[in-house]
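Shown next, in structure tokens, is the structure this report addresses.
None of the figures in this text is laboratory data; all of them are computed from the coordinates on show. On a predicted model such as this, the values are computed, not experimentally measured, just so you know.
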Amino acid sequence: MCFSPSVSFGAGAILSAVGIVSFACSRSVPQKVLSGVPILFALQQFTEGILWLALLDPGWSQWAKPATYGFQVFAQMVWPVYIPFSMLLFEGNAMRKRVLTILMLTGIGLAAYLGYCLSHYPISATADMDHIRYELGFPLAHKWYFALIYFLPTILSPVFSSNKTLRWLGYLFFASYLVARLLLFYFVISVWCFFGALISITVLAMVLKLRKQDKIITG
């Protein structure tokens, strides 16, 4: 996330609490998996909090590389798989389920490719203007169509869900990306993850609404 170590650690703490409460309120496996979204975002923000300390305090400098790569594992590998997987678990429509399966397989392929890139190409992080700027050295990082490929599993999956409640995740993720891209282009990875973390707080409300929908259906 951006701004400062305290903001990152504070957001991580809030997201952890939201995720734990969401998990406790869940009454089905899909709801529990969805509750993992804010928990994973919390871990990602704690990682970037450590990176902030490493970039600002020489005493923490040895943590810069592992924190940089740890953050990117979430950004590049976890989300393209976890988001479509969590959407697929809720899906009852056969046609939409097939599409979500394809999107999840796309995410798995993308995560495998990006995992290879993370282990074979350089990545750097610098603190600038109260934000962290990540420089990715792998071949597709600066190609315009890379963002489109990344969007397929991470944003299109929720939008394609037959559940209107879950679609809002996709709408909010897309809107937040546009804002980050237009206003803070050079820091888009960090800033978009910040917005994504804030958006994941709504998961608690979604879980409660999904519980109510399940109760109506089964009751």
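One compactness figure for the chain is 1.02, namely its Cα radius of gyration divided by 2.2 N^0.38 Å. Lys-Lys pairs in the range 5-218 that are eight or more residues apart or on separate chains and whose Cα atoms lie under 21 Å of each other come to 9. Amide H to amide H distances under 5 Å link I132 with F3, where only residues 5 or more positions off or on other chains count and H is placed in the peptide plane. 3J(HN,Hα) along the range 102-109, derived from phi through the Karplus expression 6.51 cos²θ - 1.76 cosθ + 1.60 where θ = phi - 60°, amounts to 4, 5, 5, 5, 4, x, 5, x Hz, with x in place of Gly and Pro.
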